[in-house]
1. Determine whether the range 74-90 contains at least one residue that is modelled with pLDDT under 95, assigned to a loop (DSSP other than H, G, I, E, B) and under 17 Å from T121 (Cβ atoms).
2. For A61, are the conditions met, namely being hydrophobic (A, V, I, L, M, F, W, C), surrounded by 12 or more Cβ atoms within 10 Å (Cβ to Cβ) and more than 25 Å from Q116 (Cβ to Cβ)?
3. Kindly indicate which of D87, D52, D101, D32 is within 13 Å of the chain's Cα centre (by Cα) and of a type in the set (D, E).
4. If we keep just the residues of the range 8-55 that are free of Cβ contacts under 8 Å to residues at least 60 places away in the same chain and part of a strand (DSSP E or B), which is surrounded by the fewest Cβ atoms within 10 Å (Cβ to Cβ)?
Amino acid sequence: MPEQPTNPDQVLVVNVGRRWSEIETGQATEADVVLGAWSPWKGRSTTLRHFDPDRIAVIVAYRRGKTMAVYDILPNERGRRWHWVGDEPRKRIVFHGLPSDRYASQLHAPPPYTWQRGESTPVKVLRLEDLVQDDEASDSGATDPAQRHAVVGHAVVSLANGGHLTVSVPPEYTVTVTTRPPQDRNR
């Protein structure tokens, strides 16, 4: 029985530290570096995948503790969201996409995942719901995400229309929420 297609529900966080200089020197575009040639394989395997490319909705590019780019994965003119490159047995995946308006608040913020010293894999997979979505930008056409989010440590706090506050934190953080009495809200 063929597999049922799934809705993309994951984020691929990629470490672009080694390739970012290609953008700075004009050897590659940002899209080439962020979307291109990622190994889906676990370790040295050529059969076990670290991620399913059909489930990737967004790619977040990380470099030196900062999110450099965020891309939505979108179908190309043939309706494909990704394709293989390279030769067997260690083919790689190139995604198709555009810079994300929906997740623009992630730019220049700490990435949703940081690598530990010595980790060799350049990719990590997270749940899409763990990424802070910038609803206000898509609704209002606003272009300055810095006015709608704040970075505190590795946490990102975002404010959307109607006073909807979203806090995105790494797994090791805890969050305490308190409300102020009505008379303190104008201070």
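1. Yes; the residues of the range 74-90 include at least one that is modelled with pLDDT under 95, assigned to a loop (DSSP other than H, G, I, E, B) and under 17 Å from T121 (Cβ atoms).
2. Numbers: hydrophobic (A, V, I, L, M, F, W, C): yes; surrounded by 12 or more Cβ atoms within 10 Å (Cβ to Cβ): yes; more than 25 Å from Q116 (Cβ to Cβ): no.
In short, no.
3. Values: D87 fails: within 13 Å of the chain's Cα centre (by Cα); D52 fails: within 13 Å of the chain's Cα centre (by Cα); D32 fails: within 13 Å of the chain's Cα centre (by Cα).
Result of the check over D87, D52, D101, D32: D101.
4. R49
This table checks each residue for (1) more than 20 Å from the chain's Cα centre (by Cα); (2) on the phi < 0 side of the Ramachandran plot.
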site	(1), (2)
E24	yes, yes
R44	yes, yes
M68	no, yes
G79	yes, no
W82	no, yes
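The values are calculated or read from the model by the stated rules, or taken from the named source; none is laboratory data. Here the structure is a predicted model, which is why all the values come from computation and not from measurement. Cβ atoms come from the backbone with ideal geometry, glycine included; neighbour counts cover every protein chain shown.
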